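The values are calculated or read from the model by the stated rules, or taken from the named source; none is laboratory data. Not measured: the values here are computed from a predicted model. As a convention, Cβ positions derive from the backbone with ideal geometry for all residues, glycine included, and neighbour counts pool all protein chains shown.
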């Protein structure tokens, strides 16, 4: 697949649009340039698709996977090596996002992949990385997922990883700890790992690539320790882990066979049409390895499809290779359509109609894991091209907002909206909010299991997802008195922070959350003079930077003093502007300075530069740089600012 720097897309013949009155202002010019940039990057089928950039582990682990499956090539690994070296920091580390500190496990995995690719161990990049890793405790201090990869490669003892018995898949849904108590991405990862933990396959790497040099006291002097959480539940789960180790020595054979069989069937039933699992890398790679461990041949349909599917996620040119953890065409298309709508394109404009027609074809009418706790009929959308098992409420709300304002065949659009609303309302959790993929996924004690030292295992309701759904309901005309909306509004007010902001689960962070909630409140007719709204406005105004923009460090997830503070970025500036405009601040100084920042920072080709990671997979642990965020959100903000000024 050819290189894709900003977006992975081609071109569209849609002509430029000129529709502004005289005089032709700087704001008009900025909007026109941004609109034309989107025209140039729309795929012929109607969608937009930008790169979803994460950290080095996703690409490093592709080296591990291809080695384990026996399909690696020196040419591929050398391309991976060139990419990984291009991402290394001056201090020899790899981090989890632009400007984030070096991460031990990420650096360990990148270093090992480079060793396997044959990079000179005495070279400065390797020496720097090795020294940094050793100074921080070496592989002994790495996270569980890194140690599982090392165990698969024969570089860490399986016994020093948490026990995940395949019998877990046999537990009923009413049992406190069961498969569906975890978030969708977690259960999709856990099931294949139960197979691997039971079978303990090892695929040794070359003697040269072994990681003896990453044990500060030497491998022979290392006493591998199991992760242990503190507190009551941490103690409970540690005790359970010890008990499972005793069971593991002599498991009940019929239960073990049954667990492995059900786990295998569970995996096979959830493979998508393009070969992926869950549309994301972790369950995908572990599922392939698990199937191979169970005896599935490379040429067998599920394994062959799974391997072939990576081509859509790969970005390769003559010199480098990198892999995306996920792809986001549905999300990108919905946001781009909303941006064009805000820019003033008519509902029947060919670019919007073509995109809307493509989205209508992506609606999902088959069942999925979400049905474990929801009885509504299917009708949502997923993030990716193929992920029918896991539609999500956030994509669905954005897509529905995009479709609602677009001129499409009335029967088709009305049906899509009706089924989409039905599914969304069915997915509302007890507390009035919405999670992304599951309903009532709130058993927080599960975060204390030994396995959980990275990311988030649960999918509880969040303010940002809930706000997008509230905004959609408001656009449909729903107001207070509609019970689902009333419950959602109560949830949002309960989630407001003391400083007036809202936490952003899927974007960085309080600027994102607040940027979602205030437009939602305005859409459903809330009084924007409400003191709680004014407190949110004050939060944003006091966080504006001297250059007129807004930004927020990813570290704000753990450091309260960084809430709403950080170098200005186009996407975060846009989120703040969307919130302030919704609150009626269009004529205010903060908004005018924010608009000036976006106009000033726009590139000649119509887009913006943004190296920062402003998207969130798992707060701090796994950050995302959506390459279209720097474009669609500024265009939304500028378009709404112009409309507010009329």
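Of note:
- Qualifying residue in the stretch 453-461 (condition: closer than 23 Å to residue 183 by Cα, out of contact with any strand residue (DSSP E or B) (no Cβ under 8 Å at 6 or more places or on another chain) and outside any loop (DSSP other than H, G, I, E, B)): no
- For the stretch 588-625, the set of residues classified as closer than 12 Å to residue 570 by Cα and in contact with a strand residue (DSSP E or B) (Cβ under 8 Å, 6 or more places away or on another chain) consists of 594, 610, 611, 612, 613, 614, listed by residue number.
- Verdict on residue 305 being closer than 23 Å to residue 631 by Cβ, assigned to a helix (DSSP H, G or I) and in the same structural domain as residue 62 (by TED's automatic domain parsing): no
Listed here are the residues, each with its yes/no results for (1) surrounded by fewer than 24 Cβ atoms within 10 Å (Cβ to Cβ); (2) modelled with pLDDT of 95 or more; (3) under 21 Å from the mean Cα position of the chain (by Cα); (4) within 25 Å of residue 342 (Cα to Cα).
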{"site": "525", "(1), (2), (3), (4)": "yes, yes, no, yes"}
{"site": "529", "(1), (2), (3), (4)": "yes, yes, no, yes"}
{"site": "548", "(1), (2), (3), (4)": "yes, yes, no, yes"}
{"site": "553", "(1), (2), (3), (4)": "yes, yes, yes, no"}
{"site": "570", "(1), (2), (3), (4)": "no, yes, yes, yes"}
{"site": "596", "(1), (2), (3), (4)": "yes, yes, no, yes"}
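- Residue 295 vs. criteria in contact with a helix residue (DSSP H, G or I) (Cβ under 6 Å, 6 or more places away or on another chain), in the same structural domain as residue 198 (by TED's automatic domain parsing) and not in a strand (DSSP E or B): no
- Flag if residue 418 is out of contact with any helix residue (DSSP H, G or I) (no Cβ under 9 Å at 6 or more places or on another chain), in a helix (DSSP H, G or I) and modelled with pLDDT of 95 or more: yes
- Summed over the stretch 84-103, residues that are surrounded by fewer than 21 Cβ atoms within 10 Å (Cβ to Cβ) and within 25 Å of the chain's Cα centre (by Cα) total 9.
- Failed criterion for residue 584 (all others in (1) at negative phi; (2) out of contact with any strand residue (DSSP E or B) (no Cβ under 8 Å at 6 or more places or on another chain) hold): (1)
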